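We did not get these values from a lab; they are worked out from the coordinates using the rules stated. Everything quoted here is computed from the prediction, not taken from an experiment. Neighbour counts run over all protein chains shown; Cβ positions are idealised from the backbone, glycine included.
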Amino acid sequence: MLEIRHLTKRFRGAPVVDDVSFAVRPGEITGYLGPNGSGKSTTVKILTGLLHASSGHIFYRGQNVYDDAIGFRQRLGYVPEEPNLYGYLTGLEYLQLAGGLRGLGQARVNERAGQLLELLYLHDARWLPLSNYSKGMKQRVLIAAALLHDPDVLIFDEAQSGLDITNSLLFRHLLRELAARGKAVLYISHVLEQVEKVCDHIVVIHKGKIVADDSVSGLRTLMQRPNLEGVFMQLVQQDDLESRARAIASVITA
Amino acid sequence: MKSAFQLLVRLFRNRFLENDSVSPGGGFQTNIYHVLGILITVGLIAGYSVLLTSADLSRGARSIQGDWMLRSLRLFLPDFSFGVAGFTALFYWDALFPDRRDFLILAPFPIPLRQLVAAKFTALLAFVALLAGAVNVTPDSIVLLSLFGRGDSLRLAAAQIAATFGASAFGFLAVAAGQGILISLTSASVFRRISPCIQMFGMSAMVVSILGFPFFAGLLRPAVEQKQFWLYLFPPVWFSGLFELFLGGQNQLLASLGMLAIKMTGLALIIMLFTWGFGFRRHFRRTLESEDAAHRPRNWRVPNWLIQSPQERALFGFAAKTLARSQRHQFFIATYFSAGLAIALFFGAAIRDGRIALSSSGARSVAFVLGFFAISGFRAVFQFPAELASNWLFRMTEARWTEVSRSATRKLVLAVSLVPLLMLSLPLELAVWDWPAVVEHLAVQVVAAALLVELLFWSFDKVPFTCSYFPGTTSLAVLTVLYIYGVTGYSFHMADLESVMEGNWPIAVLFFTVTGAALIVSWRRHPRADGVRFDGSEPVIQSLELN
């Protein structure tokens, strides 16, 4: 189990992530939700070691990950929010690089990379430079790179962004399959319908603080709302969006 | 409110002058400005000393030798102006003509295509004027001041301005015209594929044309007397011929070359206007329609005995592919190497009977000079990131990168600098020496290069092309002094040592034993344990947190 305990990150003294605690259990998909700027990506960057926490701890299987950061990263697969890739490498070369950096032998990397590219509908584009890939194709390369080394913990930060309908459905099935095989999955998304369909557990962050941590059905019952969208709107206290949309239209037609 | 045309001109002008040095990715751009800054400063200083001598020579009666000395000196500023303008035009090759990015961004707006190209052309002319002014105004002003009170001052001033500004304009226009021809004749994908090669070789040639001035100056008199063909291929000589043309000098060939300068500048302008005028619509359509075909890139297999661990293989492959595919890194290396080539010319070649000849003693140091510039060039180019935002992969997977990177980097530098150098210099050396001397020379070269790599990469605790901070705190003056001492010390001492070893096997055995032991000690050294640094301190702005 991946446990986040009292995690805080301050930028220029202001807390962006404030005393955040939750757990990501093996065999479960944990949804991590929040509006833009609420602290989701900062939390993820701390989990992946790209940022250091101001305070708090992260435990994996009861061990502080900072005690063996490299060991933890070896068990971690990560798909970042932005598809930042080396554009001059081909899709296959990028997977070879990622596999090599993870210490996988050449033959194993080539075999797995070939299979993953085939299954993710990227086989025909394997020799194209990544700069020529569409956003959805880049996302699929990132998904393949995150799975290549058979990690125990997976973090998908807006991983379905840019995916077409087929690949979006494939990704949803993939999440369930990975969880069924005992992986701990942390899934960040703004697509509430998708989250509602695949996640076993939901954590909602707003202005850096956790405002909800329960199962989807538990949250619906607690908040007395028919769906996750209603729960989410109530939790993060969004404006009256309909009147805001009317105001936007009025600006340009006035 | 500015018109659409004015806005476009400003947009294109800013693309020439854009400097993102405040962002981490701006380091390379800043460095190119440094290089140009050095060239301009060198031109100013050298121009000043050249002008003093030429002003002295132009007074009173002169001998024939004095006349030729003056002609050689007058070659300098056109040579310098041409080299800087040509280098800059090649550096901005992608920005000369509206490119795919321009078309993609601007095509949805209601702008006629001819207005877009006219705006680009106006911005280009403004940039040429700015560049020619920056390079030529100061030295030309010194000349004009030195002419005060002379009888032929007006004609001399006109010749000076025409020669320098003309050389700048021709350097730029010739590159733009060449691009226009390629745009008109080739497909968009062929144009994209050949462009980096043209840029790299062109920029190298421009650097050699500037730094090789002493050779061209020394060769001028015999070349003119023997009517050597290279005079017609080297534009700075044409522009120095303008002095002869304007001042009514006695040398007919130089005067005719002066006339050739005027004709060729006009021709370059006409070709540029013609090809741009006819080519832009075709280029616009084909640029937007073209797509890269997927083809399997060449994969060089690195033998297992050279690279053992998957991580080292991954870092080696990443750095090698970045070098092979990143244009800006290639340009940087090409600039370094061409500077080395020009300096190697001084050490290794001599002018005999009006022609360049290889000196046997100098040939010994040529390989060391080239090796020094190649290895130090790689040391410098590894500092510049390939794609900063993509570095997360290395940070996410970090596992003893300091040690792995040291080993991969060392092997890569030796593979991409030493191996091609040995292959290039081998025929040359076989032409000068017998084979035992060549074998000895190659062995010394290998050991010397390995030692230099150890020395220059001693504190290199980074993964090549991934760090977001630059070594920008070292003073340029200090760096220049270090380079002068480095290249002369390394090349001369190694060449001297080699000649001492020749036929003296106890010293040769001692040399190889000592250097071999030093290399083994260095290879077995473990790097610092604090790991690879990918960026500077974080966060960049730190508050005092007083509240």
Debye, to nearest 20: dipole size of region B:131-286, +1 on Lys, Arg Cβ, -1 on Asp, Glu Cβ = 780 debye
Among B:156, B:518, B:141, whose Cα lies farthest out toward the positive end of the dipole of the protein assembly as shown, if unit charges sit on the beta carbon of Lys, Arg (+1) and Asp, Glu (-1)?
-> B:156
Summed over the other residues with a beta carbon less than 11 angstrom from that of residue A:119, with K and R at +1 and D and E at -1, the charge totals +1
Global form of region A:158-254, assessed from the alpha-carbon gyration tensor, a/c cut-off 1.5 = oblate
Between residue B:389 and residue B:451, how many nm apart are label points set 7 Å from Cα along the C-beta direction?
-> 4.7 nm
Between the alpha-carbon centers of region A:118-133 and region B:98-168, tell me the distance in whole angstrom.
-> 45 Å
If r is the Cβ-Cβ distance from residue A:207 to residue B:350 and R0 is 60 Å, what FRET efficiency results, to the nearest 0.05?
-> 0.20
With label points built 7 Å along Cα→Cβ from the Cα atoms of residue B:252 and residue A:6, find their separation and express it in nm.
-> 9.8 nm
Hey, what did region B:341-421 get for relative contact order, percent, Cα under 8 Å, at least 6 apart?
-> 27 percent
Take residue B:328, project a point 7 Å from its Cα along the Cβ direction, then tell me which residues of region B:389-403 have their backbone nitrogen under 17 Å from it.
-> B:389-392
Check residue A:11: other-chain or 5+ apart residues with amide H under 5 Å from its amide H, H built from backbone geometry?
-> A:16
When A:199, B:197 are arranged by how many other beta-carbons sit within 10 Å of their Cβ, fewest first, they go B:197, A:199
Taking H as built 1.01 Å from N, whose amide H comes closer than 5 Å to the amide H of residue A:212, not counting residues under 5 places away?
-> A:204
Given springs between every Cα pair under 10 Å in a Gaussian network model of chain A, which of A:111, A:93, A:242 has the largest fluctuation?
-> A:242
Take the Cβ-Cβ distance between residue B:105 and residue A:165 as r, set R0 to 30 Å, and report the resulting FRET efficiency rounded to the nearest 0.05.
-> 0.55
Evaluate Rg over Rh across chain A, taking Cα atoms for both radii and Kirkwood's formula for Rh.
-> 0.99
In the Gaussian network model of chain A, springs joining C-alpha atoms below 10 Å, which of A:153, A:44, A:236 carries the largest mean-square fluctuation?
-> A:236
For A:2, B:173, what's the fewest-to-most ordering of other Cβ within 10 Å of each Cβ?
-> A:2, B:173
Determine the alpha carbon to alpha carbon distance for each of A:183/A:209; A:138/B:321; A:183/A:207; A:9/A:135; A:135/B:120; A:183/B:462 and list only those over 24 Å.
-> A:183/A:209; A:183/A:207; A:9/A:135; A:135/B:120; A:183/B:462
Determine, for B:490, A:88, A:94, B:483, the number of other Cβ atoms within 10 Å of each Cβ, and report the residues in order from fewest to most.
-> B:483, A:88, B:490, A:94
Compute the acute angle (0 to 90°) between the alpha-carbon long axis of helix A:106-119 and the principal axis of greatest extent of the alpha-carbon atoms of chain A; round to the nearest 10°.
-> 50 degrees
Toy charge model, Lys and Arg Cβ at +1, Asp and Glu Cβ at -1: region A:86-149 dipole around Cα centroid in debye, rounded to 20, equals 180 debye
Region B:310-524, relative contact order in percent, only Cα pairs under 8 angstrom and at least six apart counted | 28 percent
Out of A:180, A:159, A:212, a Gaussian network model of chain A with alpha-carbon springs under 10 Å gives the largest mean-square fluctuation to A:180
Quick one: what are the phi-derived ³J(HN,Hα) couplings along region B:239-252, Karplus 6.51/-1.76/1.60 with θ = phi - 60°, whole Hz, x for glycine and proline?
-> 6, 5, x, 5, 4, 5, 5, 6, 9, x, x, 8, 7, 5
Plugging the Cβ-Cβ distance of residue B:63 and residue B:225 into 1/(1 + (r/R0)^6) at R0 = 25 Å yields, to the nearest 0.05, a FRET efficiency of 0.95
As a percent rounded to 5, the proportion of antiparallel DSSP bridges among beta bridges in the protein assembly as shown is 60 percent
Only helices counted: for the protein assembly as shown, with every DSSP H run of 4 or more residues adding -39500 (n - 2.57) and the sum spread over all residues, [θ] at 222 nm is -21000 deg cm²/dmol
Over chain A, what is the relative contact order in whole percent, taking alpha-carbon pairs under 8 Å and six or more residues apart?
-> 26 percent
Treat each spin label as a single point 7 Å out from the Cα along the C-beta direction, and report the residue B:492 to residue B:157 distance in nm.
-> 4.4 nm
